[in-house]
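Worksheet: one structure, shown below.
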Amino acid sequence: GSGTAPADVSASFVVVANRLPVDRVQHPDGTVDWRTSPGGLVTALEPVMRKNEGAWVGWHGAPDEVLDPFEEDGITIVPVPLSSQEVAEYYEGFSNATLWPLYHDVVAPPEFHREWWDAYVRVNRRFAERAAAVSDEGATVWVQDYQLQLVPQMLRTMRPDLRIGFFLHIPFPPVELFQQLPWRREITEGLLGSDLIGFQLPGAVQNFTRLVRQRVSAEVRRDLVTLPDGHVARAKAYPISIDSRGFRELARSAPVRERAREIRRDLGDPEVMFLGVDRLDYTKGIKQRLRAYGELVAEGRLDPDKVVFVQVATPSRERVDQYRHLRDEIDMLVGRINGEVGRIGRPPVVYLHSSFPREEMAALYSTADVMVVTPLRDGMNLVAKEYVACHEGDEGALVLSEFAGAAYELKQAYKINPYDINDIKATLELACRDAPTNKARRLRALRKQVFDNDITRWADTFLSDLDQKVTG
Ligand code: GDG
């Protein structure tokens, strides 16, 4: 893309998200270019964007840099600047060290700092102002995720003519945990500025409406909240999905098939290949799954000459203390397992702390025998769905935590409680040894779910609900 700046941005459909859907590419001759990043959200929203003169408001990823709006791939990109201090306080601090652990069942202790909150308010206002400035009269604005929970109310105050949707990608916690937050009232009211608040699961909707009943002077009838000023906000579950056909096509392509065979060879042609793919995050249960697998190998229940566990852990939030600490713990755990039960040229765990192109992920999914997804808490978990979309044939198994949102839809997975190491061990064994007919039946049911409910359907359902005038 050329990155020409449109003089006056005005859009009838606006997405507001912490990050823009573009990455900067630096060419050898020094020129800079932008390329749309291939995330599921972009794929789902691109058609809507093109049809409606869409704009996307978000941060471009580099601190202390102010950029003009530009056009990329038919989408108007509206960069929001953040200073290094705002990145530390609003993003790494309040978003990722306060809200993230609080909303994930406090599996790590959340930190509460008033200066982080102040930065969160300031940055949310900047996003809201930017969205207000680029929205046409009566435009639809869709705000994404926990970094921007104040934006709906701020935006509604600035622009009462807009139709405002919000989607939370992570869990919404039970009232008993949420009420620890010193700024619980502001966040709740921020969300209630929306016309439609989307959550991953019905359980999150219940947590939210229960909170509103207890703590806000509003009338709650089923999923409709009516505020004293007459504004009606609706809360509803929209389980997010993936571009299922896109993933399948990628997995079927000749280079990816060839790469899958090559991976298998490089691993020494194991009988059973286990696979884990996660951002390196303490919510994902990476330690629990490796411990379970390590014990199975040490006890001789899995033969280290025949099995291998490939764990991809994509670097994430490396400036947040909890994440640095987790990285060291996992390094140590992998070292211990490989040191204790490894053979020359055949480590039982192949640990990759880096990120890979989509093609490589598709090759891994298509060849892995047992996909292991064990989060302690997860809004949805797209990795589980990507495995199902990419893995063809009758042999394959998905081991899935009950605490992942995906478990709500992927009922035919081999379910585990990630807090119960013996349960993980027994289920990993079962997933290897189950009768082929059982595996085939489960995979077929999973596949039907993932192909019937893809990301386009998710976006269309949300946007058509948002379109309907809701009354209390
Ligand atoms: C949040 C919620 C919810 C990972 N490593 C690489 C790579 N990935 C891709 C995966 C997948 C995505 O990143 C991770 O999505 P998840 O859903 O598994 O988890 P979160 O990042 O925590 O996402 C989650 C999601 O939002 C959507 O609402 O499901 O619950 O926590 O797509 O494939 N992709 C590439 N290389 C990698 O190394 N190309």
(request) Return yes or no: is residue 323 hydroxyl-bearing (Ser, Thr, Tyr), assigned to a helix (DSSP H, G or I) and over 20 Å from residue 372 (Cβ atoms)? (result) yes
(request) Residue by residue through segment 352-379, note down the ones that are within 13 Å of the ligand (Cβ to nearest atom), surrounded by fewer than 24 Cβ atoms within 10 Å (Cβ to Cβ) and not small (Gly, Ala, Ser). (result) 352, 353, 356, 357, 358, 359, 360, 361, 376, 377
(message) Checking the structure you have, find out if any residue of segment 255-272 is more than 26 Å from residue 179 (Cβ to Cβ), without any contact (Cβ under 8 Å) to a residue 60 or more places away in the chain, out of contact with any helix residue (DSSP H, G or I) (no Cβ under 8 Å at 6 or more places or on another chain) and among the aliphatic types (A, V, I, L, M).
(response) no
(request) List every residue pair whose Cβ atoms lie under 7 Å apart, where the two residues are 6 or more positions apart in sequence or sit on different chains, the first residue falls within segment 40-59 and is more than 16 Å from the ligand (Cβ to nearest atom), and the second residue, located anywhere, is assigned to a helix (DSSP H, G or I). (result) 48/459; 48/463; 54/48; 55/134; 57/127; 57/130; 57/131; 57/134
(request) For segment 57-99, enumerate the residues that are closer than 18 Å to residue 45 by Cα and among the charged types (D, E, K, R). (result) 71, 72, 73
(request) Kindly establish whether residue 208 is at pLDDT 95 or above, of a type outside the set (S, T, N, Q), assigned to a loop (DSSP other than H, G, I, E, B) and in contact with a Leu (Cβ under 9 Å, 6 or more places away or on another chain). (result) no
(message) On the basis of being in contact with a Cys (Cβ under 7 Å, 6 or more places away or on another chain) and among the small types (Gly, Ala, Ser), does residue 251 make the cut?
(response) yes
(request) Examine segment 214-228 for a residue that is in contact with a Ser or Thr (Cβ under 9 Å, 6 or more places away or on another chain), within 16 Å of the ligand (Cβ to nearest atom), modelled with pLDDT under 95 and assigned to a loop (DSSP other than H, G, I, E, B), and state whether such a residue exists. (result) no
(message) Which condition from (1) in a loop (DSSP other than H, G, I, E, B); (2) touching a strand residue (DSSP E or B) at 6+ places or on another chain (Cβ under 7 Å) is the one that residue 394 breaks?
(response) (2)
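Yes/no per residue for (1) surrounded by 22 or more Cβ atoms within 10 Å (Cβ to Cβ); (2) out of contact with any helix residue (DSSP H, G or I) (no Cβ under 9 Å at 6 or more places or on another chain); (3) assigned to a loop (DSSP other than H, G, I, E, B):
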{"site": "68", "(1), (2), (3)": "no, yes, yes"}
{"site": "71", "(1), (2), (3)": "no, yes, no"}
{"site": "78", "(1), (2), (3)": "yes, no, no"}
{"site": "85", "(1), (2), (3)": "no, no, no"}
{"site": "91", "(1), (2), (3)": "yes, no, no"}
{"site": "94", "(1), (2), (3)": "yes, no, no"}
{"site": "109", "(1), (2), (3)": "no, no, yes"}
(request) Count, please, the residues in segment 322-344 that happen to be within 16 Å of the ligand (Cβ to nearest atom) and either within 18 Å of residue 264 (Cα to Cα) or not polar (S, T, N, Q) (or both). (result) 4
(request) Can you run down the residue pairs with Cβ atoms below 6 Å, 6 or more apart or on separate chains, where the first is in segment 453-472 and within 17 Å of residue 201 (Cβ to Cβ) and the partner is assigned to a helix (DSSP H, G or I) and modelled with pLDDT under 95? (result) 455/40; 455/44
(request) Please identify the pairs in which a residue from segment 156-176 that is among the hydroxyl-bearing types (Ser, Thr, Tyr) has its Cβ atom under 6 Å from the Cβ atom of a residue that is modelled with pLDDT under 95 and within 16 Å of the ligand (Cβ to nearest atom), counting only partners at least 6 apart or on another chain. (result) none
(request) Output the residue which, of all residues in segment 339-379 that are under 22 Å from residue 305 (Cα atoms) and part of a loop (DSSP other than H, G, I, E, B), is modelled with the lowest pLDDT. (result) 342
(request) Would you point out the residue of segment 380-403, among those that are at pLDDT 95 or above, away from the ligand (no atom under 13 Å from the Cβ) and among the small types (Gly, Ala, Ser), that is surrounded by the most Cβ atoms within 10 Å (Cβ to Cβ)? (result) 397
(request) Being out of contact with any Gly (no Cβ under 7 Å at 6 or more places or on another chain) and within 16 Å of the ligand (Cβ to nearest atom) narrows it down to one of 315, 347, so name that one. (result) 315
(message) Just to verify a result, which residue in segment 282-312, among those that are touching a helix residue (DSSP H, G or I) at 6+ places or on another chain (Cβ under 7 Å) and among the charged types (D, E, K, R), is farthest from residue 427 (Cα to Cα)?
(response) 287
(message) Of all residues being buried (at least 17 other Cβ atoms within 10 Å of the Cβ) and not basic (Lys, Arg) in segment 16-38, which is farthest from residue 142 (Cα to Cα)? Just the residue, please.
(response) 34
(message) Only one of 280, 267, 296 is crowded, with 21+ Cβ neighbours inside 10 Å and either of a type outside the set (Gly, Ala, Ser) or over 27 Å from residue 446 (Cα atoms) (or both). Can you tell me which?
(response) 296
(message) Show me the helices (runs of 4 or more DSSP H) found entirely inside segment 410-472 where at least 2 residues are in contact with a Phe, Trp or Tyr (Cβ under 8 Å, 6 or more places away or on another chain) and surrounded by 15 or more Cβ atoms within 10 Å (Cβ to Cβ).
(response) 421-433, 455-467
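The values are calculated or read from the model by the stated rules, or taken from the named source; none is laboratory data. Treat the numbers as computed from the prediction; the structure is a model and nothing was measured. With ideal geometry, Cβ positions are generated from the backbone for all residues, glycine too; neighbour counts draw on all protein chains shown.
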